[in-house]
Amino acid sequence: MSVSFLVDEPTGAPLAQLLLAHGAGAPMDSPFMDLLAAALAARHVRVLRFEFPYMAERRETGRKRPPNPMPVLQSAFRDQAGRIDAPFYVGGKSMGGRVASMLAAEIGASGFVCFGYPFHPPGKPERTRIDHLQELGCRGLIVQGTRDPFGKPDEVAGYALDPALRLHWLQSGEHDFKPLKASGLTQQGLITEAAEVAAGFMRGI
């Protein structure tokens, strides 16, 4: 199924280009994805969003569908990457970031950026999804909330991850970067922080 890009263009010449995939439960134009893409574009990153086949079908039919099997997700990501010119980075929210991190080196990306990585299913820390993160073929960045049930600082600290993988923790953020009210922080503020860190990473700062 062919899916068009949703493109967020920066003002002026882009300093980096990011192919950005959505998470398992929300589309490419969810409020989180809209805020993130706008924050990245404001920092001179050209953002190209797309949808995996199951989500594109949901948009067409209105019926919820579970995510496609991983080989189908990977094939869709490869197809979309093949439509853009190098150099580019790949990334995504949660599941989309996981797919991006698995394919980045193979498809010739300059690196990958994950926003809320699903290190393990919530409540099941023994079921880790880190094998490919232990030996990377390119640079990587994971931006993670400290309250994320898919992977918290004390859990991630025990993983043997590739030194080329950089982690940035968003104080009080959960999986969608929403903080506790008592923290005095806001989701918008944490998304802005995530975009600032990601843009710096892609510019080589």
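Charge dipole (Cα centre; +1 on Lys/Arg Cβ, -1 on Asp/Glu Cβ; no other charges) of segment 48-176 amounts to roughly 420 debye. Dipole check for segment 112-203: with +1 at the C-beta of Lys and Arg, -1 at the C-beta of Asp and Glu, and the Cα centre as origin, the magnitude is about 160 Debye. Per-residue Karplus couplings for segment 50-66, computed as 6.51 cos²θ - 1.76 cosθ + 1.60 with θ equal to phi - 60°, are listed in order as 8, 10, 5, x, 5, 6, 5, 5, 4, 5, 6, 9, x, 9, 5, 10, x Hz, Gly and Pro entered as x.
Can you find, among Q144, I130, P53, the residue farthest towards the positive end of the dipole of segment 33-163? Put +1 on the C-beta of Lys and Arg, -1 on that of Asp and Glu. The Cα lying farthest towards the positive end belongs to P53. In terms of distances greater than 25 angstrom between alpha carbons, the cross-link table entries K64/K93; K64/K152; K124/K181 yield K64/K152; K124/K181. In the list (i) 15.8, 46; (ii) 16.1, 49; (iii) 17.8, 63, the label attached to Rg and Dmax of the Cα atoms in Å as derived from the coordinates here is (i). Ranked from largest to smallest solvent-accessible area, with a 1.4 Å probe on the protein heavy atoms, K152, K93 come out as K152, K93.
The values are calculated or read from the model by the stated rules, or taken from the named source; none is laboratory data. It should be emphasised that the depicted structure is a prediction, and the values quoted were computed from it without experimental measurement. Backbone-built Cβ (ideal geometry, glycine too); neighbour counts: all protein chains shown. Surface accessibility is based on the protein's heavy atoms, side chains included, excluding ligands, DNA and RNA. Shrake-Rupley method; radii C 1.70, N 1.55, O 1.52, S 1.80 Å.
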